[in-house]
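First comes the structure, then the notes that go with it.
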Amino acid sequence: MFCNHGCNGTYNLCQDGANDSEASVDPNQPPESLSSTWGSAFSPAFERNLRQALISGDKTNRDIKKGEEILCNYLEFIGRASDWEADVRGLQGQCAGTELGEISFYEREKQQA
């Protein structure tokens, strides 16, 4: 399943009990609720299945109306402490409209080619 990021906490699909957003977290310090899932040892098997492992406990945090877009909390997709600051700042920029997300960047590059 593909879902877009719900900026400023507008996501409707998230880890059970999640309440962090790119607007509320410190880019220099991951919250314990997210960083506790990160392992310190590299595992190729876990790395190949990282995205699935990260969404395995997802639940809706409110009723989703028919036709409403499903929005995720992309903070939950950050799988390494070393990626935290850059990924949070990237989400903050995308939500502020000052940076492009991966898909928008790709589409713009394709149009300019």
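Starting from the Cα gyration tensor of the range 67-113, multiply each eigenvalue by 5, take the square root, and state the resulting semi-axes largest first in whole Å.
21, 16, 11
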Checklist entry - Nearest 0.05, what FRET efficiency do A45 and F2 give at R0 = 25 Å with Cβ-Cβ as r? => result 0.60
Next on the checklist: Rolling a 1.4 angstrom probe over the protein chains, ignoring ligands and nucleic acids, what is the accessible area of C3 in square angstrom, nearest 10?
Outcome noted: 10 Å²
Checklist outcome for this item: Charge tally for neighbours of Q94 with beta carbon under 13 Å away, counting Lys, Arg as +1 and Asp, Glu as -1, is -3
Item to check | Other-chain or far-sequence residues with amide H under 5 Å of N4's (modelled H) | outcome: C72
Item to check | Low-density loop positions, trypsin sites (Lys or Arg not before Pro), the range 58-113 - DSSP coil, at most 16 other Cβ in 10 Å | outcome: R62, K65, K66, R80
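The values are calculated or read from the model by the stated rules, or taken from the named source; none is laboratory data. Model, not experiment: these values are computed from the prediction. Neighbour counts are summed over all protein chains in view; Cβ atoms, including those assigned to glycine, are modelled from backbone coordinates with ideal geometry. Heads up: the accessible areas ignore ligands, DNA and RNA and are worked out on the full protein's heavy atoms, side chains in. Shrake-Rupley method; radii C 1.70, N 1.55, O 1.52, S 1.80 Å.
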